[in-house]
Amino acid sequence: MDNTQEYTEEISAFMAGLRKRNPHEPEFHQAVEEIVSSLIPYIKDHPKYSAAQILERMTEPDRIVIFRVTWQTDDGQIRANRGWRVQFNNSIGPYKGGLRFHPTVNQSVLKFLGFEQIFKNSLTGLPMGGAKGGSNFNPKGKSDAEVMRFCQSFMTELSRHIGEDTDIPAGDIGVGAREISYMFGQYKRMQNRFVGTITGKGLEFGGSLGRKEATGYGCVYFLDNMLRHHGHDLAGKKVVVSGSGNVAIYAIQKCLALGAQVLTASDSSGYIYDPNGIDYDKLEYLKQLKEVQRGRIHEYAEKYPEARFFEGERPWSVAADIALPCATQNELDVEAARQLVNNGVIAVAEGANMPTTPEAYHLFAENDVLFAPGKAANAGGVAVSGLEQSQNSLRISWSKGEVDSKLQSIMHNIHQQCVEYGSGGAIVDYSKGANIAGFVKVADAMLAYGAV
Ligand code: NDP
Ligand code: 2IT
């Protein structure tokens with residue numbers, strides 16, 4: 001029996017136990033399998049981790065809080081949603097991670113996100129544990145007053161479980177500046193204390209310059225490091241991007257700054273293909289459309305007739321050198337990966353969390369496509385959230401330039417860690433590198449604590 005087979009059996013045995021303990025949670029299973037596939041071979045050479053049952057303990061959340069969120073529509077009807085906070089692991093710092101408001105939110109999705117967050121936060125080098133939360137509430141089509149009432153009700157319950165040294169939420173899908181402001185306002189009012197228990201705040205009330213841009217910019221900084229390490233660069237490259245939310249918009253902006261041409265953007269209704277590229281003026285329009293007017297992506301093709309709108313489709317059939325999935329989980333499947341590979345893609349960097357299916361990932365690996373996993377590539381958002389916490393505690397504000405240079409150095413450092421643990425093949429195995437580098441710090445802290 002060779003080593004590969006031995007690992008395959010161990011991974012299968014571990015996953016069988018995990019599935020049994022956590023039935024009906026496919027996204028959580030997927031995220032765990034991806035990580036333990038790198039960790040089980042590593043742990044074989046470092047048996048102190050298996051002796052202490054670190055993987056079994058790390059895949060069990062510290063706790064999950066589930067609560068009812070009752071709120072009223074503008075016409076006086078009562079609505080009830082479900083809210084969660086998955087506090088996964090606080091070994092290296094207080095729980096930290098975003099809140100997602102989307103109708104597809106369930107416990108499986110939040111456990112996958114909370115689990116990945118442990119490794120991502122560890123990679124940033126900042127003292128942050130892993131968590132995620134949210135609700136199956138759909139902010140789309142609701143009035144500002146309805147969103148405010150929902151956010152206040154959600155925070156009334158969540159506030160019992162968070163704190164500036166306990167658990168610090170932030171945004172994610174469906175939770176942007178508006179929702180963060182309503183939740184922070186309610187928290188401050190209930191606590192009668194002004195502390196940085198939420199990040200992504202407005203600049204007038206303790207937010208950090210550069211947080212809004214951080215995930216998208218950070219993703220492109222990571223991409224740039226990865227390309228340069230393998231003898232390429234971004235100048236003149238054609239890029240396909242999915243999504244048109246916070247991450248996608250600022251990923252597009254940084255691609256333009258580094259001389260690339262961005263051909264697509266999307267939302268859940270379809271994608272637009274602009275053969276001339278999305279330039280700065282068009283990006284300004286896109287920002288207004290999505291951030292202010294809360295419009296739909298087809299309006300871009302109405303404003304700029306050279307662009308075409310493809311209803312109900314994803315952008316992966318457009319020929320490009322680089323793909324940046326920045327919308328949601330499992331949005332890039334094996335068919336899409338085949339199209340990208342056939343069109344000569346050289347690099348994929350995940351702005352979103354787990355946007356690539358396992359089969360698609362394997363196809364990229366077989367074809368030596370450079371692949372930056374979300375837990376490394378999109379860590380810039382939570383990293384600048386960590387910097388926001390530091391500024392709040394110190395009661396100071398850093399300039400945009402200071403924050404950006406810290407972000408660049410954090411992304412460079414994450415890249416270095418991936419290279420350290422992921423080298424050995426024809427190209428760096430960034431998934432393996434990120435998984436092991438993220439794991440070691442958390443696992444060593446858990447070992448130091450003994451049986452807790
Ligand atoms: P936003 O809510 O700002 O934007 C989400 C975008 O993705 C929208 O264009 C949305 O389209 C699209 N989208 C969402 N769900 C689906 C779906 N089921 N199918 C197709 N398109 C969809 O969220 P963010 O930009 O903040 O988040 C995007 C991704 O990045 C998520 O995976 C998130 O977890 C991840 N991320 C975010 C960070 C942050 O700091 N915000 C940090 C790290 C990762 P529509 O408007 O039609 O719903
Ligand atoms: O997935 C993520 O890293 C985020 N949504 C950001 C979390 C944060 O605490 O800023």
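The values are calculated or read from the model by the stated rules, or taken from the named source; none is laboratory data. Predicted model, so just to flag it, every value in this text is computed and none were measured. No Cβ is skipped: glycine too gets one built from the backbone with ideal geometry, and neighbour counts run over all protein chains shown. Ligands, DNA and RNA are excluded from the accessible area calculation, which covers all protein heavy atoms including side chains. Shrake-Rupley method; radii C 1.70, N 1.55, O 1.52, S 1.80 Å.
I'd like to verify a number: residues in the range 83-131 that are closer than 20 Å to residue 26 by Cβ, away from ligand 1 (no atom under 11 Å from the Cβ) and over 16 Å from the mean Cα position of the chain (by Cα), how many?
Of the residues in the range 83-131, 3 are closer than 20 Å to residue 26 by Cβ, away from ligand 1 (no atom under 11 Å from the Cβ) and over 16 Å from the mean Cα position of the chain (by Cα).
Give me the pairs, please: first residue somewhere in the range 17-42 and touching a residue at least 12 places away in the same chain (Cβ under 8 Å), second residue anywhere and assigned to a helix (DSSP H, G or I) and β-branched (Val, Ile, Thr), beta-carbon distance under 7 Å, and either six or more positions apart or on two chains.
These pairs meet every condition: 18/32; 27/109; 36/11; 37/11; 38/436; 39/436; 40/11; 42/436.
Would you check if residue 146 is away from ligand 2 (no atom under 16 Å from the Cβ), assigned to a helix (DSSP H, G or I), on the phi < 0 side of the Ramachandran plot and acidic (Asp, Glu)?
Here the answer is yes, as residue 146 does meet what is asked.
For the range 121-141, how many residues meet the condition of being more than 12 Å from ligand 2 (Cβ to nearest atom) and open to solvent by 10 Å² or more (accessible area, probe 1.4 Å)?
Residues flagged as more than 12 Å from ligand 2 (Cβ to nearest atom) and open to solvent by 10 Å² or more (accessible area, probe 1.4 Å) within the range 121-141 amount to 7.
Select the helices (runs of 4 or more DSSP H) contained entirely in the range 351-452, then report the ones holding at least 1 residues which are under 22 Å from residue 334 (Cβ atoms) and out of contact with any strand residue (DSSP E or B) (no Cβ under 7 Å at 6 or more places or on another chain).
The helices (runs of 4 or more DSSP H) meeting that bar are 358-366, 374-377, 430-449.
Looking only at the range 168-188, which residues are of a type outside the set (A, V, I, L, M) and within 10 Å of ligand 2 (Cβ to nearest atom)?
169, 171, 172 - these are the residues of the range 168-188 that are of a type outside the set (A, V, I, L, M) and within 10 Å of ligand 2 (Cβ to nearest atom).
If a residue must be of a type in the set (A, V, I, L, M) and within 12 Å of ligand 2 (Cβ to nearest atom), how many such residues does the range 75-108 contain?
1
Which members of the range 189-215 meet the condition of being within 12 Å of ligand 2 (Cβ to nearest atom) and within 27 Å of residue 419 (Cα to Cα)?
Of everything in the range 189-215, those that are within 12 Å of ligand 2 (Cβ to nearest atom) and within 27 Å of residue 419 (Cα to Cα) turn out to be 211, 214, 215.
Could you look through the range 146-162, keep only residues that are touching a residue at least 60 places away in the same chain (Cβ under 8 Å) and open to solvent by less than 40 Å² (accessible area, probe 1.4 Å), and pick out the one that is farthest from residue 389 (Cα to Cα)?
Checked the range 146-162; the qualifying residue farthest from residue 389 (Cα to Cα) is 146.
Scanning for something buried (at least 21 other Cβ atoms within 10 Å of the Cβ) and of a type in the set (S, T, N, Q), does the range 270-281 turn up at least one residue?
The answer is no; no qualifying residue exists.
When the residues of the range 51-88 are narrowed to those that are of a type in the set (Gly, Ala, Ser) and assigned to a strand (DSSP E or B), which ends up most open to solvent (accessible area, probe 1.4 Å)?
80
Could you figure out which of (1) out of contact with any Lys or Arg (no Cβ under 6 Å at 6 or more places or on another chain); (2) over 21 Å from residue 365 (Cβ atoms) isn't true of residue 11?
(2) is the only condition that residue 11 fails.
Select, from 43, 118, the only residue that is under 15 Å from residue 440 (Cα atoms), away from ligand 2 (no atom under 12 Å from the Cβ) and either not basic (Lys, Arg) or not in a helix (DSSP H, G or I) (or both).
Checking each option against the conditions leaves just 43.
Check residue 195 against each of (1) away from ligand 1 (no atom under 13 Å from the Cβ); (2) crowded, with 20+ Cβ neighbours inside 10 Å and name the one condition it does not meet.
Of the numbered conditions (1) away from ligand 1 (no atom under 13 Å from the Cβ); (2) crowded, with 20+ Cβ neighbours inside 10 Å, the odd one out for residue 195 is (2).
Go over the candidates 48, 20, 111 one by one and state the one that is at pLDDT 95 or above, in a helix (DSSP H, G or I), within 30 Å of residue 127 (Cα to Cα) and open to solvent by 70 Å² or more (accessible area, probe 1.4 Å).
Just one listed residue meets the conditions, 48.
Take the residues in the range 26-42 that are farther than 11 Å from residue 115 by Cα and of a type in the set (Val, Ile, Thr); name whichever of them is surrounded by the most Cβ atoms within 10 Å (Cβ to Cβ).
The extreme case among them is 36.
So for the range 403-410 (the condition being within 16 Å of ligand 1 (Cβ to nearest atom), under 22 Å from residue 326 (Cα atoms), touching a residue at least 60 places away in the same chain (Cβ under 8 Å) and among the hydrophobic types (A, V, I, L, M, F, W, C)), does at least one residue qualify?
Scanning the range 403-410 turns up at least one residue that is within 16 Å of ligand 1 (Cβ to nearest atom), under 22 Å from residue 326 (Cα atoms), touching a residue at least 60 places away in the same chain (Cβ under 8 Å) and among the hydrophobic types (A, V, I, L, M, F, W, C).
Quick one: which of 179, 164 is within 13 Å of ligand 1 (Cβ to nearest atom) and of a type in the set (Asp, Glu)?
179
Mind checking whether some residue in the range 253-270 is closer than 18 Å to residue 172 by Cβ and among the β-branched types (Val, Ile, Thr)?
For the range 253-270, residues closer than 18 Å to residue 172 by Cβ and among the β-branched types (Val, Ile, Thr): absent.
Among the residues of the range 230-272, write down those that are more than 12 Å from ligand 1 (Cβ to nearest atom), assigned to a loop (DSSP other than H, G, I, E, B) and either within 20 Å of residue 407 (Cβ to Cβ) or touching a helix residue (DSSP H, G or I) at 6+ places or on another chain (Cβ under 7 Å) (or both).
If the condition is that a residue be more than 12 Å from ligand 1 (Cβ to nearest atom), assigned to a loop (DSSP other than H, G, I, E, B) and either within 20 Å of residue 407 (Cβ to Cβ) or touching a helix residue (DSSP H, G or I) at 6+ places or on another chain (Cβ under 7 Å) (or both), then 233, 234, 258, 259, 260 are the ones that fit.
For the range 387-398, indicate whether the set of residues that are open to solvent by 40 Å² or more (accessible area, probe 1.4 Å), over 16 Å from residue 206 (Cα atoms) and more than 16 Å from ligand 2 (Cβ to nearest atom) is non-empty.
Checked against the condition, which is being open to solvent by 40 Å² or more (accessible area, probe 1.4 Å), over 16 Å from residue 206 (Cα atoms) and more than 16 Å from ligand 2 (Cβ to nearest atom), the range 387-398 yields no hits at all.
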